[in-house]
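Before any comments, here is the structure.
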Amino acid sequence: MKRVNDFQLLADELSSLRNEEDGRRFIQENHRDAQFQYFFEFLNHKAEEKGLPLAKIVANSRINRNYVYNITSGIKKMPGRDKIIALCIAAEMSFDELNEALMLGGKQTINPHDARDVWIVICINRKISDVLRVNLFLEEKNCAPLNI
């Protein structure tokens, strides 16, 4: 299985598939059992894996507590892109984990051509887990803050 950040390589390989044999080979090489169907399942798993209490994720995300509980309980299955990013930051996720979360949430993954996305990744790589600090950093760079 290839990693999430190899998405462009997979897309390039997909664009070159011409016959059934190539299709079967690609599917076999890139198949993965979907461990998570929804973002909330992934978020709950990562929080447990990292030993982060939900209260800390709520506090660091700066998202309304009730809204976060609706997400983590599965009531709100498709939150917006900025909310997913904020929760991933608060859950101390890596770049790869963030991209996987965005895909599970049905949202655009990090775009390397978008300055705002690049600044967000820099915050993630610096291990900044407080969305307020990320938003202040984005504003310093003349980018829109995360809409939480």
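Quick notes on this structure:
- Straight-distance crosslink candidates among lysines, where the alpha carbon sits under 21 Å from Lys127 and sequence neighbours closer than 8 are dropped: Lys46, Lys50, Lys56, Lys83, Lys141
- Paramagnetic reach from Leu10 (point 7 Å along Cα→Cβ, amide N under 18 Å) across the range 97-113: 97-112
- Projecting label points 7 angstrom from Cα along Cα→Cβ for Arg65 and Asn125 puts them 3.6 nm apart.
- Helix-only [θ]222 nm of the chain, DSSP H runs n ≥ 4, -39500 (n - 2.57) each, per residue, nearest 500: -17500 deg cm²/dmol
- The share of alpha-carbon pairs in the chain lying farther apart than 25 Å comes to 33%.
- Per residue value of the accessible surface for the chain (all protein chains in place, 1.4 Å probe), Å²: 59
- Share of carbon and sulfur in the accessible heavy-atom surface of the range 105-148 [1.4 Å probe, %]: 49
The values are calculated or read from the model by the stated rules, or taken from the named source; none is laboratory data. For clarity, every value in this text was computed on a predicted model and none was experimentally measured. For neighbour counting, all protein chains shown are included, and Cβ atoms are generated from backbone atoms with ideal geometry for every residue, glycine included. Side chains included, ligands, DNA and RNA excluded: accessible areas come from the protein's heavy atoms. Shrake-Rupley method; radii C 1.70, N 1.55, O 1.52, S 1.80 Å.
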